[in-house]
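What follows is one structure encoded as structure tokens, with my remarks underneath.
Every number in this text was worked out from the coordinates using simple rules, so none of it is lab data. Just so it is clear, the structure is predicted and the values come from calculations on it, not from any experiment. Reconstructed Cβ throughout: ideal geometry from the backbone, glycine too, with neighbour counts over all protein chains shown.
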């Protein structure tokens with residue numbers, strides 16, 4: 001009888017607790033700072049490089065520790081140190097990432113739980129690009145000697161779109177920062193004032209690369225159709241099958257050669273036109289499709305970029321911040337908005353971290 005009474009009271013208590021788990025109320029429930037995980041180190045870094053980078057990370061951690069209050073979440077700080085960027089990049093310096101990770105509170109069967117995975121926001125030091133671009137040149141050939149498939153995007157360049165060029169305007173870094181708000185992700189670029197780690201290109205430069213890409217694709221196509229196994233298959237099949245293969249080859253060549261001829265004609269235009277900044281879009285046509293030049297207010301436009309070799313001071317130690325990318329994920333959630341507020345209130349602080 002006593003056991004039955006105890007179980008009844010226990011079930012009532014659990015039921016009452018379960019009913020008290022309110023997911024909206026959890027958003028205002030104070031959380032804790034969880035212990036900071038062990039630092040991650042990728043690549044070969046000297047003790048001096050790690051020490052210098054840790055000092056920068058500590059300043060960022062202290063800022064968030066003081067100004068960010070975990071509400072509706074538990075949170076922790078995390079550091080990741082890496083050596084300099086991949087070969088061929090136009091950047092300089094070791095990469096360091098500060099992470100603030102939020103672990104949401106939620107209700108499960110009426111009981112308060114804490115997310116095991118969490119949502120991270122990041123401060124990237126010396127990242128080699130923005131969230132969607134690299135400050136690098138796309139090579140014509142990949143590591144296997146084949147024409148690089150990435151050339152099919154952006155005309156062979158990394159590029160900005162209307163996401164970065166809001167309201168038909170190029171990113172304005174006259175104040176040393178630029179904000180890109182994509183709804184669920186909020187990012188801030190911190191650069192040296194009036195300087196950028198990328199540069200825009202001219203129409204001439206864009207057209208010349210289209211010619212190089214087309215020539216590379218044409219040579220690769222001819223090579224593929226000249227392989228012994230392809231020739232043997234055509235000769236063995238003969239007749240209509242061989243004709244179909246040759247027609248396919250010609251169609252593929254037309255897709256390369258017709259726009260190539262148009263690009264070469266454009267390169268004959270006057271110098272002033274060719275020297276204008278390239279703002280591009282892809283245009284389909286009945287005869288063939290090609291890249292054409294347009295304006296910044298075109299919703300389909302993109303602005304090709306290349307690395308700016310003059311931006312980075314290569315006399316500085318590699319741990320010294322020269323470009324900072326702040327990435328707030330889940331910026332449309334309540335905790336993302338809280339992280340974003342700390343970022344927005346401290347733009348000047350992040351600017352002070354850059355080498356003068």
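Structure values in brief
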{"read-out": "GNM result for the chain, Cα springs below 10 Å: residue of 239, 93, 248 fluctuating most strongly", "value": "239"}
{"read-out": "GNM top mover of 202, 89, 289 - the chain, alpha-carbon springs below 10 Å", "value": "289"}
{"read-out": "Sorted largest first, extent of the chain alpha carbons per principal axis (Å)", "value": "94, 60, 43"}
{"read-out": "Region 200-277 pair-distance distribution - Cα-Cα, 10 Å bins, rounded %", "value": "17, 35, 23, 15, 9, 1"}
{"read-out": "Residue order, fewest to most surrounding Cβ atoms within 10 angstrom, among 158, 68", "value": "68, 158"}
{"read-out": "Linear extension gain, residue 163 paired with residue 275, 0.36 nm per residue minus alpha-carbon span", "value": "37.8 nm"}
{"read-out": "Three-way shape label, region 154-297, alpha-carbon gyration tensor, a/c 1.5", "value": "prolate"}
{"read-out": "Relative contact order (%) - region 33-129, alpha-carbon pairs under 8 angstrom, separation at least six", "value": "27"}
{"read-out": "Order of 306, 230, 57 under a 10 Å beta carbon neighbour criterion, fewest first", "value": "230, 306, 57"}
{"read-out": "Anisotropy class of region 183-235 from Cα gyration tensor, a/c 1.5 cut", "value": "prolate"}
{"read-out": "DSSP beta bridges in the chain [antiparallel fraction, %, rounded to 5]", "value": "95"}
{"read-out": "Average Cα contact separation per residue, region 200-277, under 8 Å, 6 or more apart, as relative contact order %", "value": "62"}
{"read-out": "Förster radius 30 Å - calculated FRET efficiency between residue 356 and residue 140 (Cβ-Cβ, nearest 0.05)", "value": "0.20"}
{"read-out": "Residue order, fewest to most beta carbons within 10 Å, for 224, 266", "value": "224, 266"}
{"read-out": "Residue with peak Gaussian network fluctuation, the chain [Cα springs, cutoff 10 Å], from 35, 259, 139", "value": "35"}
{"read-out": "Relative contact order (percent, whole number), the chain, Cα cutoff 8 Å, 6+ residue spacing", "value": "21"}
